[in-house]
Amino acid sequence: DSTKVLYGPKTTRVIYEAEVMADSTRGTLIDTALVRWPQQKFWFRDSTLHQDLGTVGSASRPLLFQPNTELGARLGRNVFDRYAREGSQIPYYDSRSPYSFFRFIQSGSGEQVFEISYSRSLKKNFSIGAAYERIASTKLLGTNTSEGLVEHNAARFFARYQTDDERYHMLVSLVNTRHRAVEQ
């Protein structure tokens with residue numbers, strides 16, 4: 001058999017901003033294992049436990065102390081920061097073939113998490129991609145429980161470029177997030 005496998009899980013790598021800042025552009029292999037499904041914290045891409053109002057997308061705060069690392073004045077409105085991606089959390093892909101990612105989680109109580117992402121390499125050192133995510137939940141209390149409580153939409157466009165000698169790297173991302181939470 002002369003068939004060679006050109007594309008697979010070992011030909012696509014994920015690169016984050018922290019790796020580029022540490023001068024490592026090899027990236028990490030994509031995890032294709034089906035693990036951590038029942039864990040709620042896996043849905044929201046964080047590893048700390050949060051206290052929230054019991055529904056997906058509601059106001060939350062971390063249970064563990066987190067020191068303030070930002071300089072300057074802040075408004076103190078950070079209860080929905082858990083659902084918005086920062087620039088350091090955006091994955092950039094280095095792949096030989098187009099890469100797509102899809103996640104859909106639907107609960108019986110009207111909670112929904114949907115995420116789709118597509119990326120492709122245009123040249124050896126240049127790749128672009130786009131992603132969309134939606135988080136929604138319905139009211140649990142009240143007379144009309146089919147009414148929406150949370151609606152979160154986010155669109156991301158990202159690109160990665162590096163020179164042939166791997167001396168210079170450029171990561172570009174454009175993120176538009178809208179999180180709407182109605183009071184009970």
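The values are calculated or read from the model by the stated rules, or taken from the named source; none is laboratory data. What you see is a predicted model, and the numbers here were worked out from it, not measured in a lab. Glycine gets a Cβ as well: all are built from the backbone with ideal geometry, and neighbour counts include every protein chain shown. Side chains included, ligands, DNA and RNA excluded: accessible areas come from the protein's heavy atoms. Shrake-Rupley method; radii C 1.70, N 1.55, O 1.52, S 1.80 Å.
Summing Lys, Arg as +1 and Asp, Glu as -1, what charge do residues with Cβ under 9 Å from the Cβ of Ile90 carry, Ile90 excluded? Can you show the working numbers first?
Numbers: positive: Arg85, Arg156; negative: Glu17, Glu86.
That sum, taken over residues with Cβ under 9 Å, equals 0.
Karplus couplings for segment 100-105 from phi (6.51 cos²θ - 1.76 cosθ + 1.60, θ = phi - 60°), rounded to Hz, Gly and Pro as x?
10, 10, 9, 9, 9, 10
Sort out the exposed loop GluC sites (Glu not before Pro) in the chain (DSSP loop, at most 12 other Cβ within 10 Å) and tell me the longest stretch that has none. Show your work: numbers first, answer last.
On the way: sites that count: Glu70, Glu86, Glu147, Glu166, Glu183.
It runs 1-69.
Give the distance, in whole Å, between the Cα centre of segment 87-118 and the Cα centre of segment 14-33.
Cα centres, segment 87-118 to segment 14-33: 17 Å.
Name the residue farthest towards the positive end of the dipole of the chain from the options Phe114, Gly72, Ala18, assuming +1 on Cβ of Lys and Arg, -1 on Cβ of Asp and Glu, about the Cα centre.
Phe114
Accessible area per residue, 1.4 Å probe, Å², for the chain: what's the number?
Details: 12740 Å² over 184 residues.
For the chain, the solvent-accessible area averages 69 Å² per residue.
When Lys and Arg each count +1 and Asp and Glu each count -1, what net charge do the other residues less than 10 Å away from Asp52, Cβ to Cβ, add up to?
On the way: positive: Arg61, Arg82; negative: none.
Taking every Cβ under 10 Å from that of Asp52, the sum is +2.
Each residue of segment 123-137 in order: what ³J(HN,Hα) in whole Hz does its phi give by Karplus 6.51 cos²θ - 1.76 cosθ + 1.60, θ = phi - 60°, with x for Gly and Pro?
With coefficients 6.51, -1.76 and 1.60, one gets 9, 4, 10, 9, 9, 10, x, 9, 8, 9, 9, 9, 10, 9, 8 Hz.
So what is the relative contact order for the chain, in percent, with contacts set as C-alpha pairs under 8 Å and at least six apart? Mind showing how you got there, number by number?
Numbers: 328 pairs, mean separation 30.9, N = 184.
So the answer I get is 17 percent.
Mean residue ellipticity at 222 nm from the helices of the chain, using -39,500 (n - 2.57) per DSSP H segment of n ≥ 4 over the full residue count, to the nearest 500 deg cm²/dmol?
-1000 deg cm²/dmol
If I stretch the segment between Gln66 and Val182 completely, what's the gain in nm (0.36 nm per residue apart, minus their alpha carbon distance), one decimal? Walk me through the intermediate numbers first.
Values: separation 116, 0.36 × 116 = 41.76 nm, distance 2.71 nm.
Result for the pair: 39.1 nm of gain on full extension.
Between Ser109 and Thr11, what length comes free when the chain is fully extended (0.36 nm per residue of separation minus the Cα-Cα distance, one decimal in nm)? Don't skip to the end; give the middle numbers.
Values: separation 98, 0.36 × 98 = 35.28 nm, distance 3.89 nm.
The span from Ser109 to Thr11 would gain 31.4 nm if fully extended.
For Lys139, give me every one of the aspartates and glutamates with a C-alpha distance below 13 angstrom, ignoring sequence neighbours fewer than eight places off in its own chain.
Straight-line reach from Lys139, under 13 Å: Glu111, Glu147, Glu151, Glu183.
Can you pull the Rg over Rh of the chain, Cα-only, Kirkwood? Kindly include the intermediate steps, with their values, before the conclusion.
Values: Rg = 19.1 Å, Rh = 18.7 Å.
With Rg and the Kirkwood Rh in hand, the quotient comes to 1.02.
Can you tell me which aspartates and glutamates have their Cα less than 12 Å from the Cα of Lys123? Leave out same-chain residues fewer than eight positions away.
The reachable aspartates and glutamates, counting only those whose Cα sits under 12 Å from Lys123, are Asp94, Asp164.
Under a crude label model (7 Å from the Cα following the beta-carbon direction), how far is Glu147 from Ala84 in nanometres?
Inter-label distance under the simple model: 2.6 nm.
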